[in-house]
Amino acid sequence: SIQVPMLLRWADPRLYPQDLMLNATMADYPSLFFRGLALLLPFVGLPELWFALHLLTTFAFFASVFWLARSVFPGEATGWVAATLLAAGHHAALAGETLSSPGFTHTWVALPVALFALGFAWRERPLPAFALAGLLWNLHALTAAWLVVFLAAIALADARRAGLKRLLLPAAAFLLAATPTLAPMLARRQPFDADWLALMRLRSADHVFPSVWWQTGAPDLPRFAILAGL
């Protein structure tokens, strides 16, 4: 309901001229993803494009889980166990999200990229990890921001052994790759004030405020704890 109109507007700026949501948010939406997809619409229909991307991102998700499991633990079996657990286990995560994609969104493009980057970090290859994080910033800045937090923690732990100089090139790779989106974001900063917090509570509280996750009788937290234990 939000992403498809945004994509169609990028493909044809004449569409939805009175749409308040598009007019108010597109200028502040830090993603090049829909602009890129809009270039494909003259050559393929929207339903066909969406379905093909759904198949591709679902495959990429399982491949990235396999890669990350193999990166963290020795032996090929760990990758198959992790992928099978996601295919046959509990599909609900927290905040109303699923663990595998029920339908294509650009969030499901971002997740496999983040998991591949974490795999590189675990394999002590910070340069491709931070470069992927920089590329991801142009697709989904929020996922990329969390990824950078994880990568920085891993890199700082490694720096105790290898030295901080080892982080200079990965940091430069991240900044260079993220510049197309990062630069306009810094130039057009939003005020994160009380009004912004109030709007976030109305729009997507369960994605921002963990205090709203638990509701009496909801199985999400116990189910997620079981999954984490497995």
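Okay, residues lined up against (1) closer than 26 Å to Leu56 by Cβ; (2) under 13 Å from the mean Cα position of the chain (by Cα); (3) open to solvent by less than 40 Å² (accessible area, probe 1.4 Å):
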position: Trp108; (1), (2), (3): yes, yes, yes
position: Glu124; (1), (2), (3): no, no, no
position: Ala155; (1), (2), (3): no, no, yes
position: Asp158; (1), (2), (3): no, no, yes
position: Leu175; (1), (2), (3): no, no, no
position: Thr181; (1), (2), (3): yes, no, yes
position: Asp193; (1), (2), (3): no, no, no
position: Val208; (1), (2), (3): no, no, no
position: Trp213; (1), (2), (3): no, no, no
Practice item. Assess whether Leu40 counts as being in a loop (DSSP other than H, G, I, E, B) and modelled with pLDDT of 90 or more. Key: yes
Revision key, fill the gap. Among the residues of region 1-34, the number that are part of a helix (DSSP H, G or I), under 17 Å from Leu139 (Cα atoms) and modelled with pLDDT under 85 is 5
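Here is a yes/no grid of residues against (1) polar (S, T, N, Q); (2) touching a strand residue (DSSP E or B) at 6+ places or on another chain (Cβ under 6 Å); (3) surrounded by fewer than 16 Cβ atoms within 10 Å (Cβ to Cβ):
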residue	(1), (2), (3)
Ser1	yes, no, yes
Pro13	no, no, yes
Leu20	no, no, yes
Asn23	yes, no, yes
Pro30	no, no, no
Arg35	no, no, yes
Val44	no, no, yes
Glu48	no, no, yes
Leu55	no, no, yes
Study note, to complete from the structure: Residues of region 116-142 being out of contact with any Leu (no Cβ under 6 Å at 6 or more places or on another chain) and outside any helix (DSSP H, G or I), in sequence order, are Arg123, Glu124, Arg125, Leu139, His140
Practice item. Could you tell me which of the residues Leu168, Leu186, Leu156 is in a helix (DSSP H, G or I) and in contact with a helix residue (DSSP H, G or I) (Cβ under 9 Å, 6 or more places away or on another chain)? Key: Leu156
Exercise for review: Sort out which residues of region 64-81 are assigned to a loop (DSSP other than H, G, I, E, B) and open to solvent by 50 Å² or more (accessible area, probe 1.4 Å), and write them in order of number.
Suggested key: Phe73, Pro74, Glu76
Review point. Taking into account only those residues within region 195-206 that are open to solvent by less than 100 Å² (accessible area, probe 1.4 Å) and not polar (S, T, N, Q), which is farthest from Met21 (Cα to Cα)?
Key: Asp206
**Study point:** Yes/no for Leu85 being modelled with pLDDT under 90, under 30 Å from Val212 (Cβ atoms), open to solvent by less than 50 Å² (accessible area, probe 1.4 Å) and over 15 Å from the mean Cα position of the chain (by Cα)
**Key:** no
Study note, to complete from the structure: When Phe59 is run through (1) open to solvent by 80 Å² or more (accessible area, probe 1.4 Å); (2) of a type in the set (Phe, Trp, Tyr); (3) touching a helix residue (DSSP H, G or I) at 6+ places or on another chain (Cβ under 6 Å), the failure sits at (3)
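The values are calculated or read from the model by the stated rules, or taken from the named source; none is laboratory data. Computed from a predicted model, the values in this text were never measured in an experiment. Because the Cβ atoms are built from the backbone with ideal geometry, glycine has one as well, and the counts that use them run over all protein chains shown. Note: accessible area is taken over every heavy atom of the protein model, side chains too, but ligands, DNA and RNA are not part of it. Shrake-Rupley method; radii C 1.70, N 1.55, O 1.52, S 1.80 Å.
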